[in-house]
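Colleague: Encoded as structure tokens, here's the structure I'll be asking about.
Throughout, read-outs are computed from the coordinates displayed, never taken from laboratory work. Predicted model only: the values in this text are computed from it and were never measured. All Cβ positions, glycine included, derive from the backbone under ideal geometry; neighbour counts span all protein chains shown.
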Amino acid sequence: MQDPTSQLNSLYQQVILDHYRHPRNKERLENGTVEVHMRNPACGDEIKLQLRIEDEIIVDLGFTGEGCSISQASASMMTTLLKGRHVDEALSLTGRFTSMMHGDEAAARDKELKDLRALEGVSKFPIRIKCALLGFDALQEAVKRTREDEA
Ligand code: ZN
């Protein structure tokens, strides 16, 4: 499958490839409170995300995985964006990013999304949207499980 990064503008390509080659927080978090394993079989992407949530704050997070540059770079960007955030804030940013991946231009201009905005062009490749959202799917599932445990 052709990697869509080759069709994005070069500045965005650089940001994505930088996160892919030098991923942030890509090591298993040993003292996590929740772990979620997500797969995207269509592309062969896999992400295991660990979060340490204390009093609704994501105090730390890490991931391991393999797959295309979009899936791994997106997960890396996500971890830098969400570390230290309140769970509600993390879910809200996840919603913004998901909207951007589904073509919402206002979301794409939201500077709060930081490096993740480099993935906007991926929204033009429907088959790859799932790649970009994989880490966020794992995050949403992790929050859901944490809240179920506490309920
Ligand atoms: Zn992928």
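Colleague: Output the 0 to 90 degree angle, nearest 10, between the alpha-carbon long axis of helix 126-150 and the longest principal axis computed from the alpha carbons of the chain.
Modeller: 10 degrees
Colleague: With r defined as the distance between the Cβ atoms of K114 and E141 and R0 fixed at 30 Å, what FRET efficiency is calculated, to the nearest 0.05?
Modeller: 0.85
Colleague: Also: For the pair T80/K124, report the inter-label distance in nm, with labels modelled 7 Å from Cα in the Cβ direction.
Modeller: 2.4 nm
Colleague: Another question, then. Let me have the relative contact order for the chain, percent, based on Cα pairs under 8 Å that are six or more residues apart.
Modeller: 26 percent
Colleague: Taking 7 Å along the Cα-to-C-beta vector as the label spot, tell me the L11-D88 distance in nanometres, rounded to one decimal.
Modeller: Roughly 3.4 nm, to one decimal.
Colleague: Here is a further query. By per-residue mean of other Cβ atoms within 10 Å, what is the highest-first order of 21-32, 120-131?
Modeller: Ranking the peptides 21-32, 120-131 by packing returns 120-131, 21-32.
Colleague: Based on the mean of other Cβ atoms within 10 Å per residue, sort peptides 134-146, 66-78 so the most packed one is first.
Modeller: Those peptides, ordered most packed to least, come out 66-78, 134-146.
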